[in-house]
Each structure stands twice: as C-alpha cells, then as structure tokens.
1. Being facing chain A (nearest Cβ under 8 Å), under 30 Å from the mean Cα position of the chain (by Cα) and modelled with pLDDT of 95 or more narrows it down to one of B:27, B:98, B:60, so name that one.
2. Pick from B:271, B:189: which is touching a Leu at 6+ places or on another chain (Cβ under 9 Å) and among the β-branched types (Val, Ile, Thr)?
3. In the range B:186-235, how many residues are crowded, with 16+ Cβ neighbours inside 10 Å and closer than 30 Å to residue B:331 by Cβ?
4. Find the residue count for the range A:126-135, including only residues that are surrounded by 13 or more Cβ atoms within 10 Å (Cβ to Cβ) and without any contact (Cβ under 8 Å) to a residue 40 or more places away in the chain.
5. Please go through the range B:106-115 and give me each residue that is more than 35 Å from the chain's Cα centre (by Cα) and either within 7 Å of another protein chain (Cβ to nearest Cβ) or in a helix (DSSP H, G or I) (or both), ordered by number.
6. Do you know which residues across the range A:27-58 are at the interface with chain B (Cβ under 7 Å from one of its Cβ atoms) and hydrophobic (A, V, I, L, M, F, W, C)?
7. Considering each of B:154, B:111, B:115, B:132 in turn, give the residue that is in contact (Cβ under 8 Å) with a residue 60 or more places away in the chain, in the same structural domain as residue B:95 (by TED's automatic domain parsing) and among the small types (Gly, Ala, Ser).
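The values are calculated or read from the model by the stated rules, or taken from the named source; none is laboratory data. Computed from a prediction, not measured in an experiment: that's the story for all the values here. Here Cβ is always computed from backbone atoms with ideal geometry, including for glycine, and neighbour counts include all displayed protein chains.
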Amino acid sequence: MAEKDTPYFVGFLPIPAGLKLFLLVVSLSLITGFAAGGILVGISQDDPGQAGFRFDHGRQTVTGVFESHPYPMLHITMGSEHLPTGKTIMVSGQGKTNIMRGRSDELDGKIVEISGVIVQRGDLKMLQIAGGRRGLKPTEEDGVVPVAEDLGTWRVKGEICDGKCLAGAMNPGRGIAHKACANLCLIGEIPPVFVSTKPIEGEEYFLIAGPDGKEMTQDTYNYVGQFVEAETRIERRGNLLVMRMDPAKMQVTP
Amino acid sequence: MSVKYIPVQWNPNKWKYNAVMLIGVFAYLWLFIEWTPAIMSNDGRINGQIHNARAFGSCAFLMLTVILCIGPLARLDKRFLPLLYNRRHFGVMTLFVAITHAGYIINWYFSFSASNKYEALLFANTSYGQLSGFPFEVFGIFAVLCLALLAATSHDFWMKFLTPRIWKRIHYLVYFAYISVVAHVGLGILQDQQDKIFIVVFIGGALTVAALHILAALQERRSGDPDALSSGEWVAICHASELREGYAKVARLSGEERVAVFLQDGKISAISNACAHQNGPLGEGRILDCLVTCPWHGFQYDVRSGRSPAPFTEKVPTYQVKLAGDQVLVNANANPPGTFVEPVPLPSGA
C-alpha cells in the first residue's frame with residue numbers, strides 16, 4: 001500500500017474505515033499470540049521429578065546417635081515406619097537453618113530423640129525438625145558413633161546442591177536458576193549434597209564435607225548448581241556416603 | 001493533547017488499546033498458571049510459587065519484546081502507527097508484571113533464611129568472575145529498575161519538565177532493560193532448560209526484535225530524508241511540482257535538524273519536523289482541519305505559525321520559504337518556535 005494512500009490514524013479521532021480490518025487482525029493476532037505463548041511456554045517446563053515434604057507420612061519420631069559435623073545427622077537406633085533402624089539421616093532445621101543454631105556441640109555422640117517431617121526425593125531423605133525440645137530431645141546417654149570407613153579416592157561427575165531443596169523443599173531445587181537459593185541454604189548450613197551422574201557404591205546422593213572432613217569450604221559455592229567433575233575421597237558414615245570435596249580438585253565441565 | 005496535566009487523557013481508542021493488551025496478558029497468565037498444569041505430565045510437581053514466577057517472568061519478556069517490535073514495525077509499515085499511540089500504558093503494565101515475577105522469586109528463593117531477603121538477593125551468589133553460574137539476578141534487578149524509571153517518568157509532565165530531548169534519551173533505557181532481560185534469562189533459566197520450546201520462543205523473540213530494528217534502519221538508509229542542497233543560508237528542498245496538498249516533503253538541514261515543507265490550500269509553509277511532544281516526525285503527518293497532525297500522538301500545529309491551536313501551548317520552529325523558479329527554498333536559520341511566516345503561494349502550473 002502506497003504511503004499516501006494509507007488511512008491516517010489520529011488517537012483522539014475515530015479509527016479510519018480503511019484501518020479497522022487491519023487493526024482488528026493485529027489485535028486478534030496479539031491476543032492469540034499471547035494465549036499461544038502462555039500455553040507453549042507453560043507446557044515446555046521440564047519435569048523436576050517427584051519430590052517434596054512427606055506430610056502424608058505424618059510426623060516421624062526416631063532415636064539415635066547424633067553427629068553434628070560436618071553437618072547434623074542421626075544414626076538411627078530406634079526407627080519409625082519410614083525411617084528404619086540402622087539408617088543414617090541428614091537433619092535440617094526450619095527453612096534455611098541448621099539445627100545447631102542455639103544448640104550445643106556437646107550433643108555429639110549422645111543418644112537423642114528427634115521429631116520432624118521427611119523431605120524426600122527418591123532415595124534421598126532429610127528430616128526437617130522443629131526448634132527446641134519439640135524437635136530434638138537430648139539425653140545424657142552416650143551412643144556409639146559409627147567409625148568412618150574410607151572408600152578411597154574417586155573421580156566423580158555431577159552437581160553440588162543444597163540437600164534440602166534437592167530433596168523437595170523446593171521443586172525444582174537444583175540447577176543454575178536455583179543457585180542463589182542453594183547458596184543461601186548452604187550459608188545457613190543446610191547439608192550440601194552431591195548428585196552423581198553414576199551410582200557409586202550403589203548410591204546417587206552424597207553428603208559433602210570439606211577436604212578436612214569438616215564443613216564444605218566457601219570456595220565451593222562457586223561451583224554450586226553447575227555440572228562439575230571432581231576428584232574426591234569418599235567415606236561411609238553409618239550408611240551415609242560422604243565426599244570430601246576440595247575446590248582445588250574440581251572443575252566445571254560443559 | 002491537553003492544556004493541563006491529568007493522570008490519563010482517556011479516549012475510546014485508548015480504552016480499546018488497553019483492553020486488547022490486557023486481554024492478551026490475562027490470556028497468557030491464565031493459560032500458563034491455571035491451564036497448563038492440567039495438561040502437563042508433571043502436574044503439581046513444580047512448586048506453585050516457581051510456576052507463577054515463571055509465568056509472570058516469561059510474560060514480562062514477551063511484553064517487552066512486543067513493545068520493542070512496535071517502533072520498527074511502524075517505521076516499516078505506517079499502518080502499525082496506532083500501536084505506537086498508547087505504548088506507554090503497555091510499558092507500565094510490563095513493569096507490574098515484572099515486579100510480580102520479582103516478588104514471587106524474592107519471597108520464595110530468598111526467604112526462609114536468617115537474613116533479610118532483599119540483602120540475601122544481593123549476597124547469596126557472588127560468583128561474578130564466571131559466566132556459568134554468574135549472578136544473573138543482577139540483570140533482572142537492573143531491568144526492573146529501568147522499567148520503574150521509565151514508568152515513573154512516562155507522563156507528559158516529565159517530558160515537559162525534562163524537555164523531550166532528555167526525556168527521549170532517558171527512555172532509550174528500554175533497550176538496556178531488554179538486553180538485561182536477555183542476559184537474565186540467558187544466564188539463568190536457559191542454562192537449565194532441556195525442553196526446546198522455551199528456547200525457541202526466547203531466542204526467536206530476541207532475534208525478531210534485533211531483525212526488525214536492522215530492517216527499519218536499512219529502510220531508513222535507503223529511503224531516508226534527503227539532504228537539503230545548500231546555497232548560502234537558503235537551501236533547496238524540492239521542486240514545487242513534487243508537493244502534494246495536505247502532505248509534506250522532509251529534508252535534512254544539518255545534523256539531526258529536519259524541515260517539513262507542507263502544501264496547504266495551494267500555499268507553501270515550512271516548520272520543524274520534530275513535534276514538541278516527543279520529537280515525532282511531523283513531516284510524516286498530514287494536515288487535518290488546517291492543522292499539521294503528528295502521526296505518533298496526534299499533537300497539532302498551525303503550519304503557518306508552528307503553534308498548537310488555543311488553548312494548547314505547544315510550539316515548533318518555523319522557516320522562511322521562497323521560490324526560485326520551480327525550486328522550493330527554505331532559510332536554514334529556523335525562526336523561534338511559534339513565529340508566524342506568511343505562506344508562499346504555489347506558482348500557477350506547478
């Protein structure tokens with residue numbers, strides 16, 4: 001259409017007859033385009049898998065030997081329906097907090113009773129417990145902390161996550177888009193977990209410790225949420241596998 | 001046009017414009033939030049907050065993409081000019097959709113810790129030295145701040161207060177906001193995405209914006225306004241026979257200064273090509289009811305004086321005109337805005 005023949009639109013005047021059909025088509029195209037966009041982008045979200053809080057299991061109360069380092073865990077000596085005796089389970093506080101906030105390190109090696117809700121993704125389970133004695137009842141009784149079994153040095157590939165979001169506190173709870181949230185959990189000393197691309201000793205999920213066996217080092221935060229390759233020592237504590245991650249022996253892989 | 005500042009100068013076309021855009025946005029959000037979970041195989045597995053954040057975030061991206069397509073589309077085909085008319089309202093809508101996205105993110109990913117959630121947004125990821133895992137949230141923050149500044153200064157009061165030149169420069173921030181959004185998505189969710197549909201929609205949208213701007217720039221270079229031929233202070237614009245009743249010929253005088261030479265009632269007048277409102281191209285406008293009418297927002301001027309009709313107060317510079325045979329000459333020294341210039345009658349037979 002020649003420019004001089006184009007109907008002339010002025011905002012405060014009625015729409016020229018020659019533009020009405022064109023603008024109707026454009027309007028309907030815009031609405032249809034937005035509607036189609038909503039459907040297309042909505043259905044193209046990746047499936048994050050089944051994970052979340054197991055409120056359907058109800059409150060779980062178990063007794064066992066408590067270990068606070070590198071991150072709180074319980075070697076269960078008296079289990080419940082969904083947390084059997086003999087299992088070692090990672091423990092977290094409410095939200096993005098470690099349960100040791102306001103609690104003493106003297107709990108290490110003691111028999112304690114803990115009570116909370118399971119967060120679960122497949123074989124990965126974590127118990128979120130309440131604050132105070134409602135979540136953790138200490139006793140004066142000493143327990144026997146399982147001796148760590150060294151499984152040697154391994155070359156592993158996978159992703160560093162915060163164990164709680166990964167287990168389903170948030171879903172999806174891993175990846176780059178979730179990195180800042182994962183870091184915030186790790187700053188709050190939520191147990192970090194490595195998701196291996198291949199099972200090692202039959203396990204896919206590993207609690208991460210620092211190279212010295214204590215908490216994960218802050219340098220490791222730079223690798224959270226990314227696909228990494230690392231050389232790491234693995235040890236078994238109870239029936240939980242722990243990786244001693246050294247950021248100097250870790251690299252991002254494409 | 002208005003002689004005083006009121007929040008919104010509503011007219012039927014603005015209502016229709018906003019209705020179409022709102023229906024589009026509501027359709028996007030409703031279908032994404034309410035409808036797609038039912039047809040996805042992973043119904044209910046994605047947290048509601050994350051699902052909603054994605055709906056609002058992707059909608060804001062699409063809205064900004066549409067906003068940035070309108071300008072070049074209107075340059076390529078004048079029939080798209082009506083979409084330009086009320087684009088500011090769509091921009092403000094985009095801000096609210098983007099803020100809602102940010103709200104879901106902050107109240108989900110950055111809450112539940114011992115730290116303030118707004119502080120956590122800034123310190124949780126500080127891996128600025130790497131591309132993969134870069135704190136892409138900062139790009140989102142920058143984009144929202146840009147959109148907020150644009151929305152806050154979108155009213156004509158600010159244009160008058162800041163002057164159209166400065167206002168326009170501030171509003172070029174929309175391009176930085178868009179680039180920021182592209183970086184926000186590209187370094188964020190796109191890194192995790194396995195399904196290809198979103199990747200195609202996102203890259204397709206960004207490439208469409210870039211391609212339309214390149215096409216519009218090429219067209220402007222091919223058929224842009226010619227340089228006026230200078231002979232001292234008088235410059236030749238065109239032949240009188242090229243003028244058409246009610247329309248203008250535009251020529252570049254120097255730098256960005258352009259003159260629009262109109263023919264009205266068989267007489268020639270010349271005014272600045274830049275509308276006093278938003279620097280819209282008056283020479284691409286038409287004379288309606290004896291007044292030059294800007295194609296962007298309908299601001300009107302008397303072609304002889306460059307003044308808006310009373311009670312409006314907008315003024316644009318005028319130019320002296322003379323004929324040398326069939327040649328239309330304009331004095332390159334513009335008169336002060338609103339200066340009356342006697343029109344020059346078209347020679348008989350032209």
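1. Numbers: B:98 fails: facing chain A (nearest Cβ under 8 Å); B:60 fails: facing chain A (nearest Cβ under 8 Å).
Going through B:27, B:98, B:60 in turn, the sole match is B:27.
2. On the way: B:189 fails: touching a Leu at 6+ places or on another chain (Cβ under 9 Å).
The conditions single out B:271.
3. Qualifying residue count, the range B:186-235: 4.
4. Of all residues in the range A:126-135, those surrounded by 13 or more Cβ atoms within 10 Å (Cβ to Cβ) come to A:126-131, A:135.
With without any contact (Cβ under 8 Å) to a residue 40 or more places away in the chain added as a condition, the list becomes A:129-131.
Residues flagged as surrounded by 13 or more Cβ atoms within 10 Å (Cβ to Cβ) and without any contact (Cβ under 8 Å) to a residue 40 or more places away in the chain within the range A:126-135 amount to 3.
5. Taking the range B:106-115 first, the residues more than 35 Å from the chain's Cα centre (by Cα) are B:111-115.
Across the range B:106-115, the qualifying residues are B:112, B:113, B:114.
6. Once the filter is applied, which keeps residues that are at the interface with chain B (Cβ under 7 Å from one of its Cβ atoms) and hydrophobic (A, V, I, L, M, F, W, C), the range A:27-58 yields A:30, A:31, A:34, A:35, A:39, A:40, A:41, A:43.
7. B:154
So that you can scan it fast, the table gives a plain yes or no per residue for (1) under 30 Å from residue B:105 (Cα atoms); (2) more than 14 Å from every other protein chain (Cβ to nearest Cβ):
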| position | (1), (2) |
| --- | --- |
| A:165 | yes, no |
| A:168 | yes, no |
| A:174 | yes, no |
| A:186 | yes, no |
| A:206 | yes, yes |
| A:209 | yes, yes |
| A:212 | no, yes |
| A:226 | yes, no |
| A:234 | no, yes |
